[in-house]
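Chemist: Below you will find the structure I want to go over with you.
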Amino acid sequence: MTPSVLRTLPILALAAACAAPVDTPADPPADMQTMVEHINARSPADGEVLPFSGAVRVGNTLYLSGMLGLEGGEVPETAEQEATNVLDGIKATLETAGLTMDDLVLVQVFASDVEDYGAFNSVYRTYFTTEFPARAFLGSGTLLYGARFEVLGIAVSRDAH
């Protein structure tokens, strides 16, 4: 073969490979499809309720809506009591989904006053038995209903790993 033919062969082989049909399934296998589940679900059909669900699970990940730690619609006397209330609410939602506080991977805390950082942390650290999740503590200014804290998070089932 001549040198020019030898140089052309790799180009022809590449062109043939690019033209080959690719097998792609029409639908992913059932074990790869993403499941979506609402925890404490709400919808427009529910009337005049707050317009969000408590949490939404997508696959093995649970996205928790922001929660307040009020008592009967009132702000508790102390920041520690309000922190306990809001974290108890987070814990209850996780348990409804079959998860624990140790499954949290990200927590965001919105605080009306960053001076409550120490009070929140003194309660927060008691809710975990393993590594703490990643977290942000943000000074937000006024929160709904005069609350000190609003907490939201993302959890991933440790059993899924």
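Chemist: Of these, Ala160, Ala119, which one is out of contact with any strand residue (DSSP E or B) (no Cβ under 8 Å at 6 or more places or on another chain), among the small types (Gly, Ala, Ser) and modelled with pLDDT under 95? Spell out the reasoning first.
Modeler: Values: Ala119 fails: modelled with pLDDT under 95.
Of the residues listed, the single one that is out of contact with any strand residue (DSSP E or B) (no Cβ under 8 Å at 6 or more places or on another chain), among the small types (Gly, Ala, Ser) and modelled with pLDDT under 95 is Ala160.
Chemist: Mind listing just one residue for me: the one in region 77-104 that is loosely packed, with under 15 Cβ neighbours inside 10 Å and β-branched (Val, Ile, Thr) and, of those, modelled with the lowest pLDDT?
Modeler: This residue is Thr96.
Chemist: Check Phe120, Phe110 and return the single one that is over 22 Å from Thr34 (Cα atoms), out of contact with any helix residue (DSSP H, G or I) (no Cβ under 6 Å at 6 or more places or on another chain) and among the aromatic types (Phe, Trp, Tyr). Quick ask: steps written out before the conclusion?
Modeler: On the way: Phe120 fails: out of contact with any helix residue (DSSP H, G or I) (no Cβ under 6 Å at 6 or more places or on another chain).
Of Phe120, Phe110, the one residue that is over 22 Å from Thr34 (Cα atoms), out of contact with any helix residue (DSSP H, G or I) (no Cβ under 6 Å at 6 or more places or on another chain) and among the aromatic types (Phe, Trp, Tyr) is Phe110.
Chemist: What are the residues in region 123-145 that are of a type in the set (Gly, Ala, Ser), surrounded by 12 or more Cβ atoms within 10 Å (Cβ to Cβ) and closer than 21 Å to Lys91 by Cβ, if any?
Modeler: Ala134 - this is the single residue of region 123-145 that is of a type in the set (Gly, Ala, Ser), surrounded by 12 or more Cβ atoms within 10 Å (Cβ to Cβ) and closer than 21 Å to Lys91 by Cβ.
Chemist: Now, a different point. Restricting to region 107-143, count the residues that are part of a helix (DSSP H, G or I) and among the β-branched types (Val, Ile, Thr).
Modeler: Here is the first cut: in region 107-143, the ones part of a helix (DSSP H, G or I) are 114-127.
Adding the requirement that they be among the β-branched types (Val, Ile, Thr) leaves 114, 123, 126.
Of the residues in region 107-143, 3 are part of a helix (DSSP H, G or I) and among the β-branched types (Val, Ile, Thr).
Chemist: Report, by residue number, each residue of region 77-106 that is touching a residue at least 40 places away in the same chain (Cβ under 8 Å), out of contact with any helix residue (DSSP H, G or I) (no Cβ under 8 Å at 6 or more places or on another chain) and either assigned to a strand (DSSP E or B) or farther than 20 Å from Asn121 by Cα (or both).
Modeler: Answer for region 77-106, where residues must be touching a residue at least 40 places away in the same chain (Cβ under 8 Å), out of contact with any helix residue (DSSP H, G or I) (no Cβ under 8 Å at 6 or more places or on another chain) and either assigned to a strand (DSSP E or B) or farther than 20 Å from Asn121 by Cα (or both): Thr93, Thr96, Ala97, Gly98, Leu99, Val105, Leu106.
Chemist: For region 57-71, which residues satisfy the criterion of being among the aliphatic types (A, V, I, L, M) and under 11 Å from Met35 (Cβ atoms)? Step through it out loud before you land on a result.
Modeler: Filtering region 57-71 for residues among the aliphatic types (A, V, I, L, M) gives 58, 62, 64, 67-68, 70.
Within region 57-71, Val58 is the sole residue that qualifies.
Chemist: When region 32-76 is examined, which residues are found to be within 14 Å of Tyr145 (Cα to Cα), modelled with pLDDT of 85 or more, not small (Gly, Ala, Ser) and not in a strand (DSSP E or B)?
Modeler: Passing the criteria: Leu70, Val75, Pro76.
The values are calculated or read from the model by the stated rules, or taken from the named source; none is laboratory data. None of these values were measured; they are calculated from a predicted model. For neighbour counting, all protein chains shown are included, and Cβ atoms are generated from backbone atoms with ideal geometry for every residue, glycine included.
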